[in-house]
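These notes are about the structure you will find just below.
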Amino acid sequence: MGAAGAGMDAVAGERRQLINVAYRLLGSLAEAEDAVQEAYARWYALPRSRRDEILSPGGWLTTVTGRICLDVLGSARARRERYVGAWLPDPLPDRAEWGLVSEGGGPADPADPADPADPADPADQMVLDESVAMALLVVLESMTPAERVAFVLHDVFRYPFAEIAAVLGRTPAACKQLAASARRRVRDAPGPAAVAGDGRAEAVRRVKEAWERKDIAALVDLLDPAAVMTADGGGLVGTVLRPIEGGARIAQYMVAIADRAPGLELLERSVNGTPGLVARRGGTVMTVASFDVDGDGLITRIWAVRNPEKLRPWLRDG
């Protein structure tokens, strides 16, 4: 991934990959950005002679980022136990749809004041694929930190277990067992059905239209009877603190929200790479919702993020 004495462009060019790894490990854009910035800070803290000796700066930065994320995951469990209500991963906008255009970039070398620093918005660096689907990210939250690191690095990014061992401080065989355990968790969790993109978009569009009409009966018909809705307000905005179970109850709640928020505007947007909805009021994004759809086109899961701290990448809309 690099050569001895790699230049600034080569090192800065690793940022996109590191952001993608860190977000999947942490589920938070802000924490992912912090982890990557810390990894770069450690890189530039090395004597230049030491940096020149490192044959793969990308490999070094990935290992350090992984270790930082492992530490963050260890402390995150305690923080999330104190979190008000359900904790959900940060929802990701689609940069093409939202016009987030950037040429990339990376942290400046503090030893080289002539080097420009133009770090891109982390949301602009994200590759949106099935590994950022909200359903999978929620399952990743149920894993131990070591399982999550092993699974993400191996199954998502195809790093060999010998390299993962350097991140986790374990043997390659132990890392292989951790990945297998994580894989079982993914396999045993309810997964999204194989629904074509057009089918998902149509299901979400019909929910939007029924929600705009405040049509409870239509919403009930579009929701699986056993559907579950989880909302994340982080204690900063009002929302349900526990998941709502049952299509009828979810439909009633959605209409009650519309009644309490006149002027609410619903927009069809890509959320974590799949069709979703954004609720906006007075030009301010209030909620970003992601959906799971079954093979019959019924909504089975709704994840609604309302915590304004998690909605910052969405503020560029329009």
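The values are calculated or read from the model by the stated rules, or taken from the named source; none is laboratory data. Keep in mind that this is a model prediction, so the values were computed, not measured. Neighbour counts run over all protein chains shown; Cβ positions are idealised from the backbone, glycine included. Protein only, heavy atoms only, side chains kept; ligands, DNA and RNA dropped before computing areas. Shrake-Rupley method; radii C 1.70, N 1.55, O 1.52, S 1.80 Å.
In the range 232-255 there is at least one residue matching the filter, namely being modelled with pLDDT of 95 or more, surrounded by 16 or more Cβ atoms within 10 Å (Cβ to Cβ) and among the acidic types (Asp, Glu).
Residues Ser270, Ser181: which one is modelled with pLDDT under 95, open to solvent by less than 60 Å² (accessible area, probe 1.4 Å) and either farther than 27 Å from Ser28 by Cβ or outside any loop (DSSP other than H, G, I, E, B) (or both)?
It is Ser270.
Among the residues of the range 134-161, those that are within 20 Å of Gly74 (Cβ to Cβ) and without any contact (Cβ under 8 Å) to a residue 60 or more places away in the chain comprise Val139, Ser142, Met143, Thr144, Glu147, Ala150, Phe151, His154. Being at pLDDT 95 or above and at positive phi holds for only one residue in Arg170, Arg158, and it is Arg158. Number of residues in the range 285-304 that are in contact with a helix residue (DSSP H, G or I) (Cβ under 9 Å, 6 or more places away or on another chain) and in a strand (DSSP E or B) equals 13. When the range 260-306 is limited to residues that are charged (D, E, K, R) and in contact with a strand residue (DSSP E or B) (Cβ under 6 Å, 6 or more places away or on another chain), the one that is nearest to Val237 (Cα to Cα) turns out to be Arg306. Of all the criteria given as (1) touching a residue at least 60 places away in the same chain (Cβ under 8 Å); (2) surrounded by fewer than 17 Cβ atoms within 10 Å (Cβ to Cβ); (3) among the hydroxyl-bearing types (Ser, Thr, Tyr), the one not satisfied by Ser131 is (2).
Within the range 273-288, the set of residues being open to solvent by less than 10 Å² (accessible area, probe 1.4 Å) and either touching a Gly at 6+ places or on another chain (Cβ under 8 Å) or of a type in the set (A, V, I, L, M, F, W, C) (or both) comprises Leu277, Val278, Ala279, Val288.
When Arg187, Arg205 are screened for being charged (D, E, K, R), closer than 29 Å to Gly85 by Cβ, in contact with a strand residue (DSSP E or B) (Cβ under 7 Å, 6 or more places away or on another chain) and assigned to a helix (DSSP H, G or I), only Arg205 passes. Applying the criterion of being open to solvent by less than 60 Å² (accessible area, probe 1.4 Å) and of a type in the set (Gly, Ala, Ser) to the residues of the range 258-267, the residue that is modelled with the lowest pLDDT is Ala261. Taking helices (runs of 4 or more DSSP H) as the structural unit, those lying wholly within the range 11-80 and holding at least 1 residues that are open to solvent by 10 Å² or more (accessible area, probe 1.4 Å), farther than 19 Å from Arg158 by Cα and of a type in the set (Gly, Ala, Ser) correspond to 29-45, 48-53.
Take Val156 and tell me if it is out of contact with any strand residue (DSSP E or B) (no Cβ under 6 Å at 6 or more places or on another chain) and surrounded by 18 or more Cβ atoms within 10 Å (Cβ to Cβ). Yes: the conditions hold for Val156. Report the residue count in the range 140-153 for those that are open to solvent by 20 Å² or more (accessible area, probe 1.4 Å), in a helix (DSSP H, G or I) and at pLDDT 95 or above. Qualifying residue count, the range 140-153: 1. All conditions but one from (1) touching a helix residue (DSSP H, G or I) at 6+ places or on another chain (Cβ under 8 Å); (2) part of a loop (DSSP other than H, G, I, E, B); (3) surrounded by fewer than 18 Cβ atoms within 10 Å (Cβ to Cβ); (4) not hydroxyl-bearing (Ser, Thr, Tyr) apply to Ala218; the one that does not is (2).
Can you name the residue in the range 297-318 that is at pLDDT below 90 and of a type outside the set (Phe, Trp, Tyr) and, of all such residues, is most open to solvent (accessible area, probe 1.4 Å)?
My answer is Arg312.
Note on the range 280-292: residues that are among the hydrophobic types (A, V, I, L, M, F, W, C) and modelled with pLDDT of 95 or more total 3.
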